[in-house]
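Chemist: The structure's right below; bear with me while I get my questions together.
No value in this document is a laboratory result; all are computed from the given coordinates. The model shown is predicted, which means the values in this text are computed figures rather than measured ones. Note: ideal-geometry Cβ built from the backbone for every residue, glycine included; neighbour counts use all protein chains shown.
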Amino acid sequence: MKAIIIGGGIGGLNAALCFQKFGWDVEIYEQAPELGEIGAGIQISPNGMKVFRALDIDKQIEAIASRPRATQFRMGESGRPIFTNPITHYEDTFGAPYLHVHRADLINLLKAALDERKSSTVRIGATVTGYGQDDHKAWAVLADGSKAIGDIIVGADGIHSVIRTQMLGADEARFTGNTAWRAIVPVERLGRNAPLPVSSAWFGEGKHAVTYLLRGGELANFVGVVERDDWQSESWTEKGSRAEALADFEGWHPTITTLLEQADAHYRWALFDRDPLEQWIDGRVALLGDACHPMLPFMAQGAVQAIEDGYVLAQHLSEEKDHRAALSAYFRARHGRTAKVQAAARANMGLFHQRTSAGKLKTYGPMWLASRIKPDIADERLAWLYGHDVTAA
């Protein structure tokens, strides 16, 4: 059996490894001239690491990652801690560690694993314009008029998915009123203002930031989200200026301002929200990841949910000979879970940006108190997410 995967990002490459595990041949078509990611970090929670363990690449990923000691909430201007949750025990509690990885490092590792296992082909610079199918095969149509023929088509082509647009029409996205900044800086430039080896969320009025370390502590990753409506480009690769980023976080803790001062590039993108789709399969064609359930970044689950998708899809297609029944089972298995994660991320958007004293007290006061009298409350609330194991189904 052969799967044609459209998109060579984390979701597409991981899905290819999952199909290989179950004995399929794979062809990947990526429109970019090379595989890779502009510098950015990614958080891989235990539910994602369980998939990588099933693919036998978890130890390689651990070797290129940073392992945070805790997750932490802090006030953005003063740096005062609100809540600290140690997470070094996650391997015992949830069955796998929580890691921070550079996206480019993960892309390179997934591609190397595919090359080593040899039952896949990756074509770069290949623009897919649509798909077709009959009772026996499915094919992707390329811009040059050629076709890539397989047993199924997997649309892993992101938020602007060509496959989804043909299947379901143009999506309806709502601008959230938030713009996100991202940057990566070598830790050696930051001196005493380098972030701690924890995953920190910094809260402020109408904005928040996240900091953590990459590559074993060599790099500091920054994401900052600001409420503003004067800029609405959803591009992942558009640059802003250092002055604009510093203005958005003026008066914040030196950890944040030093990161922005020392960054060589400041990328920004507008955040759009989308309702869960009612369907993401069509005959022999299926969607996964951002192509079918794009998520706001406030649960750090976008890539991890795509990773789960790939395993569930490949498993169902390998265990059920009827592809329609297999894809229907895949959709049923994933739709409710991904919709719940989307809703949780949407809820956190409001949680992080309290503007009034009353709102701060009502929201952050219980967090502060819980960290002292019931420090494991965060683990309990995240068990449904991090404790899940799609490879055990």
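Chemist: Quote the FRET efficiency, to the nearest 0.05, computed for LYS137 versus HIS89 with a Förster distance R0 of 56 Å and r equal to the Cβ-Cβ distance.
Modeler: 0.70
Chemist: Work out, step by step, the length gained on full extension between GLU261 and ILE64: first 0.36 nm times the residue separation, then minus their alpha carbon distance; give nm to one decimal.
Modeler: 68.3 nm
Chemist: Report the one residue of GLN342, GLY23, SER371 whose Cα lies farthest in the direction of the positive end of the charge dipole of the chain (charges on C-beta: Lys and Arg +1, Asp and Glu -1; origin at the Cα centre).
Modeler: SER371
Chemist: Taking Cα atoms, how many degrees apart are the long axis of helix 357-373 and the longest axis of the chain, rounded to 10 and kept between 0 and 90?
Modeler: Value to nearest ten degrees: 80.
Chemist: Work out, in µm²/s and without decimals, the Stokes-Einstein translational diffusion coefficient of region 301-346 at 10 °C, 1.306 mPa s, Rh from Kirkwood over C-alpha pairs.
Modeler: 144 µm²/s
Chemist: May I pose another question? What ³J(HN,Hα) values, in whole Hz, does the Karplus curve 6.51 cos²θ - 1.76 cosθ + 1.60 give for region 330-337 when θ = phi - 60°, with x put for Gly and Pro?
Modeler: 4, 4, 5, 5, 9, 4, x, 5
Chemist: Tell me the relative contact order for region 185-256 as a rounded percent, counting alpha carbon contacts under 8 Å between residues six or more apart. Present the calculation step by step, with values, prior to reporting the outcome.
Modeler: Numbers: 75 pairs, mean separation 19.0, N = 72.
About 26 percent, as a whole number.
Chemist: Given Cβ point charges of +1 (Lys, Arg) and -1 (Asp, Glu) and nothing else, what value in debye, to the nearest 20, does the dipole of region 97-196 about its Cα centre take? The partial results should precede the final answer.
Modeler: On the way: 12 positive and 11 negative charges, 90 e Å.
In debye, rounded to 20, region 97-196 gives about 440.
Chemist: Compute the signed sum of charges (Lys and Arg +1, Asp and Glu -1) over the other residues within less than 14 Å, Cβ to Cβ, of ASP275.
Modeler: On the way: positive: ARG164, ARG174, ARG274, LYS340, ARG346; negative: ASP171, GLU172, ASP273, GLU278.
My count for the surroundings of ASP275 gives +1.
Chemist: At 222 nm, what value in deg cm²/dmol follows for the chain if DSSP H runs of at least 4 each add -39500 (n - 2.57) and the sum is divided by all its residues, to the nearest 500?
Modeler: Per the formula, -11500 deg cm²/dmol.
Chemist: Something else: Between THR127 and LEU168, what length comes free when the chain is fully extended (0.36 nm per residue of separation minus the Cα-Cα distance, one decimal in nm)?
Modeler: Working: separation 41, 0.36 × 41 = 14.76 nm, distance 1.96 nm.
Length gained, THR127 through LEU168: 12.8 nm.
Chemist: A further question follows. With unit charges on the beta carbon (Lys/Arg positive, Asp/Glu negative), name the residue among ALA263, PHE352, LEU313 whose Cα is farthest towards the positive pole of the charge dipole of region 234-393.
Modeler: Of ALA263, PHE352, LEU313, it is PHE352.
Chemist: Okay, next question. Given the peptides 192-205, 244-257, arrange them by the average over their residues of other C-beta atoms within 10 Å, most packed first. Could the numbers behind the result be given before it?
Modeler: Working: 192-205: 19.3, 244-257: 17.7.
So the peptides 192-205, 244-257, ranked by packing, come out 192-205, 244-257.
Chemist: With charges set only on the Cβ (+1 for Lys and Arg, -1 for Asp and Glu), what does the dipole of region 12-88 come to about its Cα centre, in debye to the nearest 20? Before the final figure, lay out each step's value.
Modeler: Working: 8 positive and 9 negative charges, 136 e Å.
Using only the charged Cβ atoms, the result is roughly 660 debye.
Chemist: Taking the 0 to 90 degree range and rounding to the nearest ten, how far is the long axis of helix 377-386 tilted relative to the main principal axis of the chain, both from C-alpha atoms?
Modeler: Helix 377-386 and the main axis of the chain meet at about 20 degrees.
Chemist: What would the Debye formula give as log10 I(q)/I(0) at q = 0.14, 0.15, 0.17 Å⁻¹ for the alpha-carbon point model of region 54-127, no solvent?
Modeler: Debye output, listed in q order: -0.66, -0.71, -0.81.
Chemist: Can you give the Rg to Rh ratio of region 1-109, both from alpha-carbon atoms, with Rh computed by the Kirkwood formula?
Modeler: On the way: Rg = 16.9 Å, Rh = 15.8 Å.
Over the Cα atoms of region 1-109, Rg/Rh equals 1.07.
Chemist: If the chain between THR363 and LYS118 were fully stretched, how many nm would it gain, using 0.36 nm times the residue separation less the Cα-Cα distance?
Modeler: Stretched out fully, the THR363 to LYS118 stretch lengthens by 83.0 nm.
Chemist: I'd like to know which of LEU142, PHE83, ILE61 lies farthest towards the positive end of the charge dipole of region 25-147, counting +1 on Cβ of Lys and Arg and -1 on Cβ of Asp and Glu.
Modeler: Projecting each Cα onto the dipole axis, the largest value belongs to PHE83.
Chemist: With all distinct Cα pairs included, what does the Kirkwood hydrodynamic radius of region 232-374 come out to in Å, to one decimal, could you say?
Modeler: 18.5 Å
Chemist: Follow-up. If eta is 0.692 mPa s and T is 37 °C, what Stokes-Einstein diffusion coefficient results for region 246-316, Kirkwood Rh from Cα pairs, in µm²/s? Don't skip to the end; give the middle numbers.
Modeler: Numbers: Rh = 15.4 Å.
For these conditions, the coefficient is 213 µm²/s.
Chemist: While we're looking at this one, here's another question. Using alpha-carbon pairs under 8 Å, 6+ residues apart, how would you state the relative contact order of region 1-117 in percent?
Modeler: The normalised contact order for region 1-117 reaches 32 percent.
Chemist: Suppose we look only past 42 Å in the calculated P(r) of the chain. What percent of the Cα-Cα pairs does that tail hold?
Modeler: Summing the P(r) tail past 42 Å for the chain gives 11 percent.
Chemist: Considering every Cα-Cα pair within region 80-179, what fraction, in whole percent, is farther apart than 21 Å? Mind showing how you got there, number by number?
Modeler: Working: 3093 of 4950 pairs.
Result: 62 percent of Cα pairs exceed 21 Å.
Chemist: Quickly rank 378-387, 260-269 as a protection proxy: mean count of other C-beta atoms within 10 Å, highest first. Before the final figure, lay out the partial values.
Modeler: Values: 378-387: 16.0, 260-269: 18.4.
My ranking of the peptides, most packed first, is 260-269, 378-387.
Chemist: Please express the shape of region 175-290 as an equivalent ellipsoid: the semi-axes are the square roots of 5 times the eigenvalues of the C-alpha gyration tensor, given largest first in whole angstrom.
Modeler: Largest first, region 175-290 gives 30, 18, 13 Å.
Chemist: Let me ask another. Taking amide H positions as placed in the peptide plane 1.01 Å from N, state which residues far from GLY8 in sequence (5 or more) or on other chains have amide H under 5 Å from it.
Modeler: HN-HN under 5 Å from GLY8: GLN31.
Chemist: Here's something else I'd like to know. How large is the dipole of region 247-393 about the Cα centre if only Lys and Arg carry +1 and Asp and Glu carry -1, each at its Cβ, rounded to the nearest 20 debye?
Modeler: 540 debye
Chemist: What percent does the relative contact order of region 55-97 come to when contacts are Cα pairs within less than 8 Å and at least six residues apart?
Modeler: Working: 34 pairs, mean separation 12.5, N = 43.
The normalised contact order for region 55-97 reaches 29 percent.
Chemist: A further question on this structure: Can you work out the base-10 log of I(q)/I(0) for region 161-241 at q = 0.11, 0.19, 0.23 1/Å, using the Debye formula on its C-alpha atoms alone?
Modeler: Debye output, listed in q order: -0.44, -0.93, -1.09.
Chemist: With 26 Å as the limit, write out which pairs from LYS147/LYS239; LYS50/LYS340; LYS118/LYS147; LYS21/LYS137; LYS21/LYS59 have Cα-Cα distances beyond it, or answer none.
Modeler: Over 26 Å Cα-Cα: LYS147/LYS239.
Chemist: Counting only DSSP beta bridges with both residues in the chain, what percent are antiparallel, rounded to the nearest 5? Write out the running numbers ahead of the final one.
Modeler: Numbers: 52 of 74 bridges.
Percentage antiparallel, nearest 5: 70.
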